[in-house]
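**Student:** Submitted below is the structure of interest, expressed as structure tokens.
Throughout, read-outs are computed from the coordinates displayed, never taken from laboratory work. Since the structure is predicted, the reported quantities are computational estimates derived from the model, not experimental observations. Virtual Cβ from ideal backbone geometry, glycine too; neighbours counted across all protein chains shown.
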Amino acid sequence: MTASPDLFGHPRGIWVLAATEFWDRVSFHGMQSLLVLYMAESLLTPAHIGNIVGFATFRGAIECLTGPLSVRALATQVFGLYVAFVYLTPMLGGFLGDVVLGRRRAVALGALLMTAGHFCMAFDQSFLLALACLILGAGLFRGNLSPQFGELYDPVDQRRDTAFQIYGAMVNLGAFIAPLTTGALGQAFGWHMGFAFAGFGMLIGLAIYLLGAPMVRPHPDLQRRPEAKDQRELSAQDRRVLTHLVLMIPMLTMFWVAQSQVWNTYNLWARDHVELRFGGWTMPVPWLQSLDGLSPFILLPPVLLYWRRQAAAGREPRETTKMAIGCFIFSLSTFWLAGASAVTDHRGLTPLWWPVIFHLSSNLGWLFFSPTTSALYSRLAPPGLTATLMGAATVSVFLGSLISGRMGVLYETLTPGQFWGLHAALVGLGGMLLLLMGARLRRIGAQA
């Protein structure tokens, strides 16, 4: 059985979920594109840092592990912790949606928490409260929204991979629009106006989800009452596959260390080393990051067409091979970034076209890697554990963001070329390990 192709060859519910995800990403990436710059240039400076409730204790806990940190190093560390926990909590949120709250209530509660968090960013005093609301809200929201993409289809329906590409397209379209808007608002009216826009974006996403909820119906073979626990015991094969998927998480982490740095230390690098001035006007730094959203959106149609032609010829790579290819492309792109210092003007600034090429090529790697990872974990998850296992996959983003925040300190001691070269080598190693893991999965009978 397959779900009825109601609209453009897919269940109508997927378009509701895609629109909801779009506004979530407008909200998230809008805030994320400003955060490290906001902390480094304003919030964590001596004039403001004393206003943050509880920050002295928070900073003390961090520096117990890292040693004393400069304002810039502290900003990258806090950013890394924030993004890390945003990607860790979906595992808990997915579990709560699976067995306690149900999908719809969990998504609604998560959206409300994130809205409150964005509005708390308007005040220095509530900064830590804002981060806590955003982290907890993201866990509930994302831990229960993304699994619904896969639940609209029969497990053997080949359209599931395309569904996750649509999901990825909405992620990146939101990531394109958000930095443009919040960057312009932040530069014209101050940081807090950019954060307020992110809050209103989250409210729009919640309204779309609640209004379209009747169209989001799981495939008949997957429907269960949200409060009912799945009593099916795992087979020996299920346990073997689960073990290998868990062992894959450190390999995924290597990709996310480099990817997370693009929203963290990269902002500081672009501010200091890229020519952003055009006459008397200076382009906001977050506008560069809008390319990180636009590039996958542009590249998605040709990539899908390429895969379709490969499939028709019987040569389409397996999912783990696609993920490894994505790592290799991202690695080469980061090596390109490492070479930026070789192409500078008389003031030592790299021309704008150099990071533009980086964003185009690195996001081709993202397209091969990230949506394919979601599709793999969704497909191989035993019934009743889809959200929990997909949440477990986000542990790799948690670890990658955590490590990238810690590695951000190296930016003050290494040259930019050494700094980005280190990240490129790490993600390339992850690609090689994924090829080996894919072969191992196939040996135990899993189609990966």
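**Student:** Along the charge dipole of the chain, pointing to its positive end and built from +1/-1 on Cβ of Lys, Arg, Asp and Glu, which listed residue (GLN237, THR372, ALA122) has its Cα farthest out?
**Tutor:** GLN237
**Student:** If you average the C-alpha positions of segment 131-145 and of segment 427-448 separately, how far apart do those two centres end up, in angstrom?
**Tutor:** For segment 131-145 versus segment 427-448, the Cα centre distance is 30 Å.
**Student:** Just name one of THR45, TYR167, HIS29: the one whose Cα is farthest towards the positive end of the charge dipole of the chain (beta-carbon charges, Lys/Arg +1, Asp/Glu -1).
**Tutor:** Of the candidates, TYR167 comes out farthest on the positive side.
**Student:** Suppose each label sits 7 Å from its Cα in the direction of the beta carbon; what would the ALA236-ILE249 distance come out to in nanometres?
**Tutor:** 2.6 nm
**Student:** Using Cβ counts within 10 Å as a stand-in for footprinting exposure, how do VAL285, VAL246, VAL99 rank, fewest first?
**Tutor:** Numbers: VAL285 24, VAL246 13, VAL99 16.
Placing the least packed residue first, the sequence is VAL246, VAL99, VAL285.
**Student:** How big is the charge dipole of the chain about its Cα centre, in debye rounded to the nearest 20, if each Lys and Arg gets +1 on its Cβ and each Asp and Glu gets -1 on its Cβ?
**Tutor:** 880 debye
**Student:** Moving to a separate point now. Quote the charge dipole size of segment 58-133 about the Cα centre in Debye, to the nearest 20; the model charges only the Cβ of Lys and Arg (+1) and of Asp and Glu (-1). Can you show the working numbers first?
**Tutor:** Values: 5 positive and 3 negative charges, 42 e Å.
Charge dipole of segment 58-133: 200 debye, to the nearest 20.
**Student:** Could I ask something else about it? Based only on other Cβ atoms within 10 Å, what is the fewest-to-most ordering of CYS327, CYS133?
**Tutor:** The most exposed by this proxy come first: CYS133, CYS327.
**Student:** For segment 280-337, with only Lys/Arg (+1) and Asp/Glu (-1) charged at the beta-carbon, what is the dipole magnitude about the Cα centre, in debye rounded to 20? If you can, show how the numbers build up before the last one.
**Tutor:** Values: 5 positive and 3 negative charges, 57 e Å.
The dipole magnitude comes to about 280 debye.
**Student:** I would also like to ask the following. Could you give the length gained on full extension between LEU332 and LEU92, defined as 0.36 nm per residue of separation minus the Cα-Cα distance, in nm?
**Tutor:** 82.9 nm
**Student:** For the chain, what relative contact order do you get, as a whole percent, if you take Cα pairs closer than 8 Å and at least 6 residues apart? Provide the component values of the computation, followed by the final result.
**Tutor:** Values: 751 pairs, mean separation 116.2, N = 448.
RCO, the chain: 26 percent.
**Student:** For segment 297-448, build the charge dipole from Cβ charges (+1 Lys, Arg; -1 Asp, Glu) around the Cα centre, then report which of ILE298, GLY405, LEU352 sits farthest towards its positive end.
**Tutor:** Most positive-ward Cα: ILE298.
**Student:** While we're on this one: Quickly work out the HIS48-to-VAL343 label distance, labels modelled 7 Å from Cα along the C-beta direction, and quote it in nm with one decimal.
**Tutor:** 3.4 nm
**Student:** Suppose only helical runs count, i.e. DSSP H with n ≥ 4. What mean residue ellipticity at 222 nm does that imply for the chain under -39500 (n - 2.57) per run, divided by all residues and rounded to the nearest 500 deg cm²/dmol? Working shown, then result.
**Tutor:** Values: 16 runs with 322 residues, N = 448.
Computed mean residue ellipticity for the chain: -25000 deg cm²/dmol.
**Student:** Sorting ILE403, ILE204, ILE357 on the 10 Å Cβ count, fewest up front, what's the list?
**Tutor:** If I rank by nearby Cβ atoms, fewest first, I get ILE357, ILE204, ILE403.
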